[in-house]
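Each remark here refers to the structure printed beneath this line.
The values are calculated or read from the model by the stated rules, or taken from the named source; none is laboratory data. The model shown is predicted, which means the values in this text are computed figures rather than measured ones. Every residue, glycine as well, gets a Cβ built from its backbone with ideal geometry; the counts of neighbours run over all protein chains shown. Each accessible area value is taken on the protein alone, full model and side chains, heavy atoms only, with ligands, DNA and RNA left out. Shrake-Rupley method; radii C 1.70, N 1.55, O 1.52, S 1.80 Å.
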There are 2 protein chains.
Amino acid sequence: MYGVILAGGSGTRFWPLSRKKIPKQFLKLFNERTLLEDTIQRLTPLIPGERIIIVTTAEYREKVKEIVKDVPEENIIIEPAGRNTAPAIALAAFRLKDKKDEVMGVFPSDHLILDESKFRKVLNVASDLAKSSGCLITLGMKPDRPETGYGYIELGKFFDKRRDINIFQVRRFVEKPDLRRAKLFLRRGNFMWNSGMFVWRIDVFLEELRKHLPDIYSGIQRGVRFNKNGVFEIDSKVYQSLSGISVDYGIMEKSDRTLVIPADIGWSDLGSWSTLAGVLKQDENGNVVVADGIYMQGVKNSLFYAKDKFIAGIGIEDLVVVSSGNAILICKKSNSQEVRNVVEFLSRENKEDLL
Amino acid sequence: MYGVILAGGSGTRFWPLSRKKIPKQFLKLFNERTLLEDTIQRLTPLIPGERIIIVTTAEYREKVKEIVKDVPEENIIIEPAGRNTAPAIALAAFRLKDKKDEVMGVFPSDHLILDESKFRKVLNVASDLAKSSGCLITLGMKPDRPETGYGYIELGKFFDKRRDINIFQVRRFVEKPDLRRAKLFLRRGNFMWNSGMFVWRIDVFLEELRKHLPDIYSGIQRGVRFNKNGVFEIDSKVYQSLSGISVDYGIMEKSDRTLVIPADIGWSDLGSWSTLAGVLKQDENGNVVVADGIYMQGVKNSLFYAKDKFIAGIGIEDLVVVSSGNAILICKKSNSQEVRNVVEFLSRENKEDLL
């Protein structure tokens with residue numbers, strides 16, 4: 001099995017901790033390792049480093065090289081520009097084209113998985129399944145709350161059971177729902193979160209890519225080469241001309257050979273500060289503190305994230321407080337999706353030192 | 001007229017901006033001048049620098065010398081220890097003892113007065129009145145809200161009117177009331193806030209001191225001297241042995257020769273972050289921002305004080321947010337008196353770098 005890690009994202013929802021130069025995959029949210037390192041370490045018991053491909057942008061090349069020790073440098077593919085997941089995954093698939101019917105898994109670089117051994121068990125099953133069935137497999141996450149920030153997958157017919165793990169056909173993909181529908185999905189029980197993790201045979205994916213996204217297929221086929229140093233690269237103009245489309249929308253929703261494996265592995269996409277607060281250890285008042293010291297009086301259900309500061313909180317609740325470098329965020333927890341508005345504001349105002 | 005400025009306080013309610021080494025009188029809350037400098041500049045049109053005495057502690061001596069240009073160094077009196085206002089004022093009175101029937105005014109060093117010309121007009125009247133009446137004069141501030149953080153003075157009989165300014169006898173001093181009584185006082189209209197500003201003849205004050213606080217009088221009389229460099233000083237052991245008592249409680253409440261001048265001069269004792277928020281310029285949503293930049297979305301009635309930071313606030317109200325050096329305070333506005341609890345906590349824990 002090969003692993004493809006998508007590490008080109010430039011997420012903004014962890015501002016002011018995440019910045020242009022340090023997007024989420026390079027943050028050390030839980031320990032002394034970045035999320036990208038965690039992603040790799042989670043895979044290496046199953047997929048050795050030389051079989052892991054990292055797709056990122058030129059901007060983050062040095063950063064990736066610096067922190068990633070287990071993956072050979074020639075396995076880092078540079079996207080000349082951000083073009084969403086379909087072109088990024090396609091790049092990796094072309095890099096592995098001669099592996100034909102071998103299996104590749106696709107993994108975001110900035111998610112959390114608490115139950116790693118379960119994750120690897122699911123991955124093993126998915127790998128065998130991809131090999132034998134010739135299908136595109138999605139890992140679906142069992143929802144535990146009516147989350148409106150994720151896409152959902154409705155389970156279709158039961159397909160198979162392997163090593164205690166059920167496999168289903170995909171009835172349909174559903175874009176981020178409103179709260180009413182999210183509650184309905186949770187109640188119904190046959191809707192899974194779309195985690196953005198996929199497993200498939202390299203040749204099958206390339207067939208489906210050619211079928212559903214022919215322009216991307218032919219563009220990349222035309223544009224890629226191994227340069228004189230043996231480094232796999234894509235022509236910059238060609239890549240920039242591709243349409244930016246997600247693999248979910250561009251392929252998964254359209255393909256008729258998809259399967260989904262519902263998995264309960266303690267997954268989180270860490271999509272916002274409040275999501276992070278939900279997975280970090282809370283005290284008896286529901287507070288999460290990552291700081292150089294804390295005084296709290298009448299503080300409830302709040303997140304304080306300020307590694308180098310002492311924080312005093314008095315009489316507050318449901319807040320996210322983050323201090324990093326030259327900026328401080330104070331945000332109602334339920335508004336934490338709106339942190340991206342701050343980043344948009346700063347971009348409009350050209351505040352480079354804050355981005 | 002002489003001016004005595006009390007600059008030995010070590011207030012804690014502006015933490016984390018105020019610290020042990022930088023108490024409130026040394027903060028630049030409104031402009032590029034410290035509150036102590038503002039206090040002096042407010043007086044100098046009436047009282048030249050060589051007639052101003054500053055009482056402070058050894059800890060702040062250098063700081064005072066550094067920032068105070070208009071007042072000669074020999075006019076700085078060092079308290080060997082903090083012993084509240086009665087001993088501090090008594091020290092200054094003994095320093096001026098040979099001026100006999102000249103008048104001295106006593107002024108805290110860390111208050112705000114918006115209407116300075118009115119203040120000086122009142123002071124002129126108070127000075128003449130002190131000279132002619134031989135009374136202890138308090139400047140009483142007309143309340144505009146049911147403040148529970150101040151002491152009050154109930155007006156007695158009308159005494160005189162000079163230059164459009166009414167003068168009353170003092171019926172009684174009232175310690176900080178609860179909200180119900182504060183509302184009553186505000187409604188009644190004959191209760192003034194006790195501002196801690198006093199005007200009296202030096203000889204009269206010394207008489208009253210001897211009468212009501214004989215131990216302090218005789219202790220200081222025994223302990224003071226001009227040393228061989230001509231510097232006025234008090235024996236450290238003697239001063240430390242004095243009881244720490246306020247001039248309000250020790251003399252004003254007991255004396256039968258007190259008068260009060262109600263004054264409406266835009267005074268604030270700047271007793272807490274929320275008091276400060278009340279006197280700084282608010283935007284249309286009631287927010288006050290002192291920061292290196294701000295993004296606000298759904299923010300109401302809040303104070304942000306972080307001179308060197310960009311602040312983003314989303315969906316919050318009635319908050320005080322202060323960042324200074326290695327610490328951040330996030331406090332419900334109505335809890336801002338409790339900031340001293342943080343300082344007490346830090347003292348107990350010996351967190352010297354945060355005090």
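For the reader, a short list of remarks on this structure follows.
- Taking all protein chains together, B:Asp144, A:Asp38 sort by accessible area into B:Asp144, A:Asp38, largest first [probe 1.4 Å].
- Loop chymotrypsin sites (Phe, Trp or Tyr not before Pro), the range A:294-354, which have at most 16 other Cβ atoms in a 10 Å radius of their Cβ (DSSP): none
- Charge-dipole axis of the protein assembly as shown as Lys and Arg at +1 and Asp and Glu at -1 on Cβ define it, positive-most pick from B:Ala58, A:Ala312, A:Gly286: A:Gly286
- Over the protein assembly as shown, the alpha carbon radius of gyration divided by the compact-protein estimate 2.2 N^0.38 Å works out to 1.33.
- In sequence order, calculated HN-Hα J values of the range A:131-143 (Karplus, 6.51, -1.76, 1.60; Hz; x Gly/Pro): 4, 7, 8, x, 9, 8, 9, 10, 8, x, 9, 5, x
- GNM result for chain A, Cα springs below 10 Å: residue of A:Lys237, A:Lys142, A:Lys99 fluctuating most strongly: A:Lys237
- Take the Cα of A:Asp353, step 7 Å toward its Cβ, do the same at A:Lys97, and the gap between the two points is 4.9 nm.
- Along chain A, longest interval not containing exposed GluC sites (Glu not before Pro), exposed being DSSP loop plus at most 14 other Cβ atoms within 10 Å: A:33-174
- Zone residues, the range B:78-103, relative to B:Lys237, backbone N less than 17 Å from point 7 Å out along Cα-to-Cβ: B:80-81
- GNM flexibility winner over chain A from A:Asn335, A:Asn31, A:Asn124 (Cα, springs under 10 Å): A:Asn31
- Both radii were evaluated on the Cα set of the range A:81-201; the Rg over Rh quotient, with Rh as the Kirkwood radius, amounts to 0.97.
- For chain B: Kirkwood Rh in Å [reciprocal of mean 1/r, alpha carbons]: 21.3
- Shielding by partners, peptide B:321-329 (average Cβ within 10 angstrom, other chains): 5
- Of B:Gly149, B:Gly315, B:Gly82, the residue with the greatest mean-square motion in the GNM of chain B, using alpha carbon springs below 10 Å, is B:Gly315.
- Surface accessible to a 1.4 Å probe, per residue, for the residues of the range A:150-242, Å²: 56
- The Cα center of the range A:162-212 and the Cα center of the range A:40-76 differ in position by 26 Å.
- Mean-position separation - Cα centroids, the range A:289-329 and the range A:1-34, in angstrom: 22
- Rh by Kirkwood over Cα pairs, then Stokes-Einstein D for the range B:128-170 at 1.306 mPa s and 10 °C, µm²/s: 132
- Shielding value for B:330-339 is 5, the average number of Cβ atoms from other chains within 10 Å of each residue's Cβ.
- The order of B:Leu355, B:Leu139 by accessible area, most exposed first and with a 1.4 Å probe, is B:Leu355, B:Leu139.
- Amide H contacts under 5 Å for A:Tyr150, placed H, 5+ residues apart: none
- A simple rule links phi to the HN-Hα coupling: the Karplus curve 6.51 cos²θ - 1.76 cosθ + 1.60 with θ = phi - 60°, which for the range B:285-291 gives 9, x, 9, 10, 10, 10, 7 Hz, with x for Gly and Pro.
- Set of the range B:1-39 residues, backbone N closer than 13 Å to the point 7 Å along the Cα-Cβ line of B:Arg181: none
- Compared with the rule-of-thumb size 2.2 N^0.38 Å for a compact globular protein, the range A:161-275 has a Cα radius of gyration ratio of 1.35.
- Its Cα gyration tensor gives the range A:96-142 an equivalent ellipsoid. The semi-axes, each the square root of 5 times an eigenvalue, are 21, 13, 9 Å from largest down.
- Computed magnitude of the charge dipole of the protein assembly as shown (debye, nearest 20; Cβ of K, R +1, Cβ of D, E -1): 1020
- Multiplying each eigenvalue of the alpha-carbon gyration tensor of the range A:1-123 by 5 and taking the square root yields semi-axes of 22, 18, 13 Å, largest first, rounded to whole angstroms.
- Between B and A, accessible area buried - total, square angstrom, nearest 100, 1.4 angstrom probe: 2600
- Label 7 Å beyond Cα on the Cβ vector: A:Gln221 copy-to-copy distances, nm: 11.0
- Ligands, DNA and RNA left out, the 1.4 Å accessible surface of chain B is 44% carbon and sulfur atoms.
- Label distances, nm, A:Glu62 versus same residue in remaining copies, Cβ-directed 7 Å point: 4.2
- Across the identical copies, how the A:Leu184 labels are spaced - nm, sorted shortest first, 7 Å along Cα→Cβ: 6.1
- Ranked by solvent-accessible area (1.4 Å probe, protein heavy atoms only, all chains present), the residues A:Phe173, A:Phe232 order from largest to smallest as A:Phe173, A:Phe232.
- Rounded to 5, percent antiparallel among DSSP beta bridges of the protein assembly as shown: 45
- Test item: Cα-centred dipole of chain B, Lys/Arg +1 and Asp/Glu -1 on Cβ, debye: 700
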